[in-house]
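**Q** Mind having a look at this structure? Questions to follow.
The values are calculated or read from the model by the stated rules, or taken from the named source; none is laboratory data. This is a predicted model, so every value here is computed, not measured. Here Cβ is always computed from backbone atoms with ideal geometry, including for glycine, and neighbour counts include all displayed protein chains. Ligands, DNA and RNA are excluded from the accessible area calculation, which covers all protein heavy atoms including side chains. Shrake-Rupley method; radii C 1.70, N 1.55, O 1.52, S 1.80 Å.
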Amino acid sequence: MTLRFSAPRNCLTALLLAAAVAAAPALALAQAQPKQSKKPPEAPGKLPRVDKTRGLDFLFGALKAAPDEASAKHVEARIWALWMQTPSDTAALLMQRAKTAMDAHQIEVAQKLLDAVVKLRPDYIEGWNRRATLYYLKNDYAHSLEDIEQVLSREPRHFGALAGLGIIMQDIGDEKRALDAFRKALAVNPHLDKVPELVKTLSEKVEGRDI
């Protein structure tokens, strides 16, 4: 199942960036403190070996049909494993070093490494996605949204990027777009941690105001 935004992609990007820019004065106060408590979903630390003959379409179908949480997490890890694969050994090494730098809170080092990944392999969606997370941790929402858009233009089913989009929209106070993004993420992956609760809360706030 392929999810598409209702608005044209360029128009959506402009709207989201405008929202982030409008929120810039409030966000500027937090620029010096990278976030650690809340960030978009990312690949697990240990990824399984994957059978390339069972591609993403098969795995997304299996994810929706998963009978329980444990089965869903197993399939989810296989999806991440496919997303993380790159034919470039250099890009893979840079990604590994960027993760090490991020884990050590060396944000600027990680950004330089991810900039190199994106420049080297602009077709590699996890380079964009990892850098979007890094920008989010720096409270640089405008650049994070730009990278999220790069991810979703290549893989509209990327539940990590969709959830990240929802988190940013929620942070800047655009609860309607946050709800829309979280719902899209859940439509792809019904087993995302904490997202169902966010959808429930936001649904009551956004859709229950006129009742």
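**Q** Any residue in the range 98-117 that's in contact (Cβ under 8 Å) with a residue 60 or more places away in the chain and among the basic types (K, R): show its pairings with residues that are surrounded by 19 or more Cβ atoms within 10 Å (Cβ to Cβ) and assigned to a helix (DSSP H, G or I) at Cβ separation under 6 Å, as long as the two are six or more apart or on different chains.
**A** none
**Q** From the list D89, D140, D147, pick out the single residue that is loosely packed, with under 15 Cβ neighbours inside 10 Å and not aromatic (F, W, Y). Lay out the reasoning, then the answer.
**A** Details: D140 fails: loosely packed, with under 15 Cβ neighbours inside 10 Å; D147 fails: loosely packed, with under 15 Cβ neighbours inside 10 Å.
D89 is the lone residue from the list that is loosely packed, with under 15 Cβ neighbours inside 10 Å and not aromatic (F, W, Y).
**Q** Here is a further query. For the range 116-127, what are the residues that are of a type in the set (A, V, I, L, M) and either surrounded by 20 or more Cβ atoms within 10 Å (Cβ to Cβ) or in contact with a strand residue (DSSP E or B) (Cβ under 7 Å, 6 or more places away or on another chain) (or both)? So that I can check it myself, show each step before the final result.
**A** So in the range 116-127, the residues of a type in the set (A, V, I, L, M) come out as 116-118, 120, 125.
Of everything in the range 116-127, those that are of a type in the set (A, V, I, L, M) and either surrounded by 20 or more Cβ atoms within 10 Å (Cβ to Cβ) or in contact with a strand residue (DSSP E or B) (Cβ under 7 Å, 6 or more places away or on another chain) (or both) turn out to be V117, I125.
**Q** Please report, ordered by residue number, the helices (runs of 4 or more DSSP H) entirely within the range 1-82 with at least 1 residues that are modelled with pLDDT of 80 or more and farther than 16 Å from K184 by Cβ. Talk me through it step by step, then tell me what you get.
**A** Details: elements: 9-22, 24-28, 56-65.
Of the helices (runs of 4 or more DSSP H) lying wholly inside the range 1-82, those with at least 1 residues that are modelled with pLDDT of 80 or more and farther than 16 Å from K184 by Cβ span 56-65.
**Q** Also: Can you tell me which of Q111, Q106 is at pLDDT 95 or above, crowded, with 19+ Cβ neighbours inside 10 Å and over 24 Å from L59 (Cβ atoms)?
**A** Values: Q106 fails: crowded, with 19+ Cβ neighbours inside 10 Å.
Checking each option against the conditions leaves just Q111.
**Q** Of all residues in the range 67-76 being crowded, with 16+ Cβ neighbours inside 10 Å and touching a residue at least 24 places away in the same chain (Cβ under 8 Å), which is nearest to G55 (Cα to Cα)? First the steps, then the outcome.
**A** Just the residues of the range 67-76 that are crowded, with 16+ Cβ neighbours inside 10 Å, to begin with: 72, 75-76.
Next cut, touching a residue at least 24 places away in the same chain (Cβ under 8 Å) only: 72, 76.
Details: A72: 16, E76: 13 Å.
Looking at residues that are crowded, with 16+ Cβ neighbours inside 10 Å and touching a residue at least 24 places away in the same chain (Cβ under 8 Å), I get E76.
**Q** Please work out if S153 is open to solvent by 40 Å² or more (accessible area, probe 1.4 Å) and among the small types (G, A, S).
**A** Values: open to solvent by 40 Å² or more (accessible area, probe 1.4 Å): yes; among the small types (G, A, S): yes.
Yes: the conditions hold for S153.
**Q** Further, regarding this structure: Quick check on the range 192-211: of everything there that is part of a loop (DSSP other than H, G, I, E, B) and surrounded by fewer than 19 Cβ atoms within 10 Å (Cβ to Cβ), which residue is modelled with the lowest pLDDT? Walk me through how you get there before you give the answer.
**A** Taking the range 192-211 first, the residues part of a loop (DSSP other than H, G, I, E, B) are 192-194, 208-211.
Right, trim to surrounded by fewer than 19 Cβ atoms within 10 Å (Cβ to Cβ) and you get 193-194, 208-211.
On the way: D193: 90, K194: 91, G208: 78, R209: 56, D210: 51, I211: 46.
Step by step, filter the range 192-211, then rank; the result is I211.
**Q** Right, next: Among the residues that make up the range 176-192, is at least one of them more than 20 Å from E69 (Cβ to Cβ) and of a type in the set (D, E)?
**A** yes
**Q** Give R54, R130 a once-over and let me know the one that is in contact (Cβ under 8 Å) with a residue 40 or more places away in the chain and either charged (D, E, K, R) or surrounded by 15 or more Cβ atoms within 10 Å (Cβ to Cβ) (or both). So that I can check it myself, show each step before the final result.
**A** Details: R54 fails: in contact (Cβ under 8 Å) with a residue 40 or more places away in the chain.
Answer to the check: R130.
**Q** Just checking, how many residues over the range 163-178 are buried (at least 23 other Cβ atoms within 10 Å of the Cβ) and either free of Cβ contacts under 8 Å to residues at least 40 places away in the same chain or under 12 Å from V199 (Cβ atoms) (or both)?
**A** 3
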